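Data first, discussion second: the structure below is written as structure tokens.
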Protein chains: 2
Amino acid sequence: MRVFDRAAAGVDRVGGLEVARWEQYALGDRLPFRAMWFSVPPGSRSALDRHPEIELSLVVSGSAGIEAGGTVAEVAAGSSYLLDGDEAHVVHNRSATEPLVVFSAYWTPVGSDA
Amino acid sequence: MRVFDRAAAGVDRVGGLEVARWEQYALGDRLPFRAMWFSVPPGSRSALDRHPEIELSLVVSGSAGIEAGGTVAEVAAGSSYLLDGDEAHVVHNRSATEPLVVFSAYWTPVGSDA
């Protein structure tokens, strides 16, 4: 067994977000996806993002306002959202006080040239 | 985008646990893993489990005492643990009051006959 302690993870600042990429755990190809935690400060949001990878995310704490396809869906802590490859999205933290923390797994779709 | 609302998920009772398997979302082979949420009541634990799949789990709420390999590691909400295929494990909720909720992704290792 290995434990990955979020509080001890090394983080990068990307725009206004803190991103803890799992490459730091040197898991090689043990997982069939890449992974990260990211956090969005209260009252803030991510830059518009779009990437070929499919992304499955789980809200760890706070509430995530996921803007995609012209709507915003609010996703509560413990719940999850799935973005298609190349689906443009913005992650909003509309709380004035609560940090938003999200775990994301992402992978290139089978059959893709990406 | 699709949203998977944990509070609205259909659950089965397996032993003393509530298990919400993601097969209910009919995602086919869109994810390179299977997935579930499970919850362990306060002061309780799972049965001893062992399966060929590798399992990556994220603690959603509460604290998980993961017994494997003769030790118990306490994994806080937001943190993660990785179990090898065929690694026997028990999940303890040692809190008297807090429910424990875990998200697990699991997949058969590449090259396995399983």
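Under a Cβ-Cβ cut-off of 13 Å, what is the net charge of the residues other than A:Leu48 that fall near it, where Lys and Arg count +1 and Asp and Glu count -1?
So the environment of A:Leu48 carries a net charge of -2.
What is the sum of charges, Lys and Arg at +1 and Asp and Glu at -1, for the other residues whose Cβ falls under 11 Å from the Cβ of A:Arg34?
Local net charge: -3.
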at A:Thr71 the sorted inter-copy label distances (label 7 Å from Cα on Cβ side), in nanometres, are 4.7
Connecting every pair of Cα atoms under 10 Å apart in chain B and solving the GNM, the largest mean-square fluctuation among B:Pro32, B:Pro52, B:Pro42 falls on B:Pro32
Note on chain A: C-alpha Rg/Rh, Kirkwood Rh, two decimals, gives 0.96
Distance between the C-alpha centers of segment A:42-114 and segment A:1-26? Whole Å please. 17
Could you identify which residue out of A:Ala68, A:Ala96, A:Ala77 has the top mean-square fluctuation in a GNM of chain A using Cα springs shorter than 10 Å? A:Ala96
Excluding ligands, DNA and RNA, what is the accessible area buried between chains A and B, summed over both sides, using a 1.4 Å probe, to the nearest 100 Å²? 2800
Sorted from shortest, what are the nm distances separating the label point of A:Arg34 from equivalent points in the other copies, each placed 7 Å from Cα along Cα to C-beta? 2.8
Here the whole-number average of other chain Cβ atoms within 10 Å per Cβ of A:2-9 is 6
Between B:Ala35, B:Ala47, B:Ala26, where does the largest GNM mean-square fluctuation fall for chain B, given springs only between Cα atoms within less than 10 Å? B:Ala26
Under the 7 Å Cα-to-Cβ spin-label approximation, B:Ala8 and A:Val72 lie apart by a distance in nanometres of 1.9
In Hz, Karplus ³J(HN,Hα) per residue of segment A:93-108 (6.51, -1.76, 1.60; θ = phi - 60°; x = Gly, Pro): 10, 8, 6, 7, 10, 8, x, 10, 10, 10, 9, 10, 10, 8, 7, 7
Semi-axes of segment A:7-53 from the Cα gyration tensor (sqrt of 5 times each eigenvalue, largest first, whole Å) come to 22, 15, 7
Closest-to-axis residue of chain B (Cβ criterion, axis taking B to A), whole Å: B:Pro32, 2
Hey, if you put +1 on the Cβ of every Lys and Arg and -1 on every Asp and Glu Cβ in chain B, which of B:Ala20, B:Ala7, B:Val90 ends up farthest toward the positive end of that dipole? B:Ala7
Shortest first and in nm to one decimal, what separations exist between A:Val11 and its copies in the other chains, measuring from label points 7 Å along the Cα-to-beta-carbon line? 3.1
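The values are calculated or read from the model by the stated rules, or taken from the named source; none is laboratory data. Values in this document were obtained by computation on a predicted structure and should not be read as measured data. Don't worry about glycine lacking a Cβ; one is built from the backbone with ideal geometry, like all the others, and counts go over all protein chains shown. These accessible areas exclude ligands, DNA and RNA; they are computed on the full protein's heavy atoms, side chains included. Shrake-Rupley method; radii C 1.70, N 1.55, O 1.52, S 1.80 Å.
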